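The values are calculated or read from the model by the stated rules, or taken from the named source; none is laboratory data. The model shown is predicted, which means the values in this text are computed figures rather than measured ones. So basically every Cβ, Gly included, is an ideal-geometry build from the backbone, and we count neighbours across all protein chains shown.
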Amino acid sequence: MTTTTTTTFRVRAIAGIELDRVRTSGRDASGHPVERQTAEGGEQLRCCLRLAEPDEPILLFGYRPPMPASPYRETGAVYTHAEPCPGPGGDGYPAAFRGRQQVLRAYDNRGWIRTARVHDGGDPETAIADLFSDPAIVQLHSRNVAWGCYTFTVERAG
């Protein structure tokens, strides 16, 4: 599992074991073939939490974030590098997503959405802290505002 850490929360990219499974099998969470592409540049890479550079080999596939089975569990399209990469660099909120509007969906231990909040990316730490002020919330999924695509998971540190 690839993780970055701050004192109050951890940001998780898609786990390396899941990426290895997809790259080896060529199949996504629903059993569909992955799409191999050449990046145009700017695609949000969920393996290393940065934006793709033009001409990088990437994959597009359906991903289902790990969480308990619930009516809110869903599969959506994500981009990753086609080959293994070092994963996220640095601690805290990913620099490539700072300043980008995102939705934080807050889930409890049953995998049910308790609330959601849109933030502008200027101060994501405050939005995260506000959501985690509810002790029933165990994880947040950061998602693209326009498309709803999963970006990364935020968990409490510790």
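Numerical summary
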{"read-out": "Residue check for Ser25: outside the structural domain of Arg117 (by TED's automatic domain parsing) and in contact with a Gly (Cβ under 7 Å, 6 or more places away or on another chain)", "value": "no"}
{"read-out": "Residue satisfying condition, being aliphatic (A, V, I, L, M) and under 23 Å from Glu35 (Cβ atoms), within set Ala77, Ala127, Ala95", "value": "Ala77"}
{"read-out": "Matching residues, the range 41-59, being charged (D, E, K, R) and either out of contact with any His (no Cβ under 8 Å at 6 or more places or on another chain) or more than 19 Å from Arg23 (Cβ to Cβ) (or both)", "value": "Glu43, Arg46, Arg50, Glu53, Asp55"}
{"read-out": "Near pairs, Cβ below 7 angstrom, 6+ apart or cross-chain, from the range 13-33 (at positive phi) to any residue that is loosely packed, with under 12 Cβ neighbours inside 10 Å and of a type outside the set (Phe, Trp, Tyr)", "value": "Gly26/Pro33"}
{"read-out": "Test: residue in the range 33-40 that is surrounded by 18 or more Cβ atoms within 10 Å (Cβ to Cβ), touching a strand residue (DSSP E or B) at 6+ places or on another chain (Cβ under 6 Å) and not β-branched (Val, Ile, Thr)", "value": "yes"}
{"read-out": "Number of positions in the range 120-129 that are at pLDDT 95 or above and in contact with a strand residue (DSSP E or B) (Cβ under 7 Å, 6 or more places away or on another chain)", "value": "2"}
{"read-out": "In the range 109-144, residue surrounded by the most Cβ atoms within 10 Å (Cβ to Cβ) [restricted to those that are basic (Lys, Arg) and closer than 20 Å to Ala69 by Cβ]", "value": "Arg143"}
